[in-house]
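Q: Quick one: structure below, then a few questions.
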């Protein structure tokens with residue numbers, strides 16, 4: 001998990017340097033939580049937890065809502 005998250009954070013830092021619109025990029029920091037949850041289900045055969053699933057859906061919906069409102 002360390003390598004994908006490190007690469008993701010490096011890409012996020014590069015995106016912050018390229019953009020002046022930090023408010024649009026900041027919510028994408030939470031995508032590592034979703035990626036980690038998917039890896040734990042696929043690789044480690046963890047059972048799908050209803051509360052974690054709701055949290056992941058809330059993160060995705062929040063990111064979609066912010067991107068749609070900020071890009072207008």
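Every number here is computed from the coordinates shown, using simple stated rules; none is lab data. The structure displayed is predicted, hence computed values, not measured ones.
Q: In degrees, nearest 10, range 0 to 90: what is the angle between the Cα axis of helix 50-70 and the longest Cα principal axis of the chain?
A: Between the helix axis and the principal axis of the chain, the angle is about 10 degrees.
Q: Report Rg(Cα)/(2.2 N^0.38 Å) for the chain, keeping two decimals.
A: It is 1.24.
Q: I've got another one for you. Show that you can apply the helix-only estimate: for the chain, add -39,500 (n - 2.57) for every DSSP H stretch of four or more residues, divide by all residues, and state [θ] at 222 nm to the nearest 500. Show your work: numbers first, answer last.
A: Numbers: 4 runs with 56 residues, N = 72.
The helix contribution divided over the chain gives -25000 deg cm²/dmol.
Q: In a GNM of the chain with a 10 Å cut-off on Cα contacts, which of 16, 54, 25 has the highest mean-square fluctuation?
A: Comparing 16, 54, 25 in the GNM, the peak value goes to 54.
Q: Follow-up. Stretch residue 49-residue 67 to full length: gain in nm at 0.36 nm per residue minus the Cα-Cα span? All intermediate terms of the calculation are to be shown ahead of the outcome.
A: Details: separation 18, 0.36 × 18 = 6.48 nm, distance 2.72 nm.
Using 0.36 nm per residue and subtracting the Cα-Cα distance, I get 3.8 nm.
Q: While we're looking at this one, here's another question. Want the number for residue 10 to residue 40: 0.36 nm per residue separation, take away the alpha-carbon distance, what's left?
A: 8.6 nm
Q: Output the 0 to 90 degree angle, nearest 10, between the alpha-carbon long axis of helix 2-18 and the longest principal axis computed from the alpha carbons of the chain.
A: 10 degrees
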